[in-house]
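Remarks on the structure that follows.
Quick note: the coordinates plus some simple rules give every number you see, no bench work behind them. As the structure is a prediction and not an experimental result, all values here were calculated from the model. We place every Cβ from the backbone using ideal geometry, glycine too, and count neighbours over all the protein chains shown.
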Amino acid sequence: MARVRSRHVCQQCGHVAMAWSGQCPGCQEWNTLVETAPEPKADGRVGGRRSSASGAKPIPLSEVATIEQGRISTGIGELDRVLGGGIVPGSVVLLGGAPGIGKSTLTGMTLANVQASGAGTLFVSGEESPSQVRLRAERLGPSALAVPVLAETSLETILATIETERPAVCVVDSIQTVHSAELTGAPGSVGQVRECANALAEVAKRVDTAVVLVGHVTKEGSLAGPRVLEHLVDCVLQFEGERERTYRTLRAAKNRFGATSETGVFEMRSGGLNEVRDPSAIFAGEATGAVGSVVLASMEGTRPLLVEVQALVSPSELEVPRRVVNGIDRSRLSMILAVLARHAGLGLGASDVFVNVVGGVRVDEPGADLAVAVAIVSAFRGRPAGEVEGRPLACFGELGLTGDLRFVGHADRRTAEAVKFGLSPVLGPDPGEQVEGLLPVADIRAALGRAFDSHPARSAA
Ligand code: TYD
Ligand code: MG
């Protein structure tokens, strides 16, 4: 095939240039030109718009096959749940995560299970040699060794292999290493990543192969490559956690076939990733009720999850004191500190504040506010929260800017989970109905009163 010339298309105004330049000749914007492969015409020629298309016959939705019938189980319960019940044939899943978090392990385990169930698989490795892939598979067990591997980075070869092999699930590890011969850009560049993902998505739909694209994330935590990649795929999974810790969480940032709020928890062991079926037991079990420690009764999708929130407050030597967060949103901390300053008389303008959700878990819900606030106050006052010595206080609730405690969903399930682990009463907003084990509080003042002054022995101290 003769080499076709790629074009450079401005992402802002759509101007098409034959050569790359830093500034778009069309709209004068900077760094908006992205290399794009020319679209082949129906007759095989390149460029221009297809004009001979004939109309297609639309069909009633009731006659369209449902997705549930064909889902492929990954054999990993937590992964299936995050996906919404398994992988949908012909869909494209993007799995993002920092290096070393376990992306290759998770996808390798998935393919091993799918292969063992009798369906075809393919592991395309652009990062590691077949012997390196084999080394990992040996750790994962005999079924992982049955997975066919293709060490390849050429898009055209990968597409052709998928077409002939037609596996049920194909993993491409990673999309940043794949490159198309039609583009001159380096692998991993915006144009290459988009073009390759596009072509893989197209072939996935056509031959009904589910494609899992492994993607790197940048230091800032977003998926490397263009945002369009996230629009292009059906499902974006994020694999998070601290590399030094063994716990990892998997969540869906986007899912066309299920909810996005489900979280799977895994533990990295010597034989691969183990599902953590009852994460509350681990995270809450480690909480000791020490100064600065509180248990948050959070919701992860349809599942209640107890996590320990720790805070440390110390005099700052910096002009602008430090605000360090791990597992919660930084701007959320600023808001909580402002509410504490205004409505609880807690001035931390000269203190460094550190907040950490233990176990490398991320809580992305406003219901975490109260736990963060109570942990900070506990750290500041140097007094443990809660009524009983050595037992952590469990709480949840969103803080309003007026200091009120706002309603969050599933008060009953959050409370029940805490009660299950002996952590009651639970402080939370008034759900408007009687919830066993829940102590409703109206605002931050009332909550702090209950957290620190309710026990006779404590209030005397
Ligand atoms: P890996 O899946 O290669 O991470 P990624 O593809 O996201 O970069 O593996 C991550 C780490 O997990 C690696 O440092 C080795 C470790 N590991 C285990 O602890 N146990 C195992 O069974 C395997 C396969 C890996
Ligand atoms: Mg890897």
Arranged by the count of other C-beta atoms within 10 angstrom, fewest first, what order do Lys103, Lys57 take? Lys57, Lys103
Under a point-charge model restricted to the Cβ atoms of Lys and Arg (+1) and Asp and Glu (-1), what is the dipole moment magnitude of the chain relative to its Cα centre, in debye to the nearest 20? 580 debye
Pairs of Lys in the chain closer than 23 Å at Cα, counting only those 8 or more apart or on different chains: 7
Counting alpha carbon pairs within less than 8 Å and at least 6 residues apart, what relative contact order, in whole percent, applies to the chain? 11 percent
Any GluC sites (Glu not before Pro) in region 248-331 that lie in a DSSP loop and have at most 16 other Cβ atoms within 10 Å would be Glu286, Glu317, Glu319
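Mind ordering 416-423, 8-15 by average Cβ neighbours within 10 Å, highest first? Write out the running numbers ahead of the final one.
Details: 416-423: 19.8, 8-15: 16.2.
Going by the mean number of other Cβ atoms within 10 Å, highest first, we get 416-423, 8-15.
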When a footprinting reagent is the concern and you count Cβ atoms within 10 Å, what order do Trp30, Trp20 take, fewest first? Trp30, Trp20
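Taking region 276-328, which trypsin sites (Lys or Arg not before Pro) meet the DSSP loop condition and have no more than 15 other C-beta atoms within 10 Å?
Arg277, Arg322
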So how much slack lies between Ile282 and Arg256, counting 0.36 nm per residue of separation and subtracting their Cα-Cα distance, in nm? 6.2 nm
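Students often check this: by mean Cβ neighbours within 10 Å, which of 393-401, 433-441 ranks highest, and how do the rest follow?
393-401, 433-441
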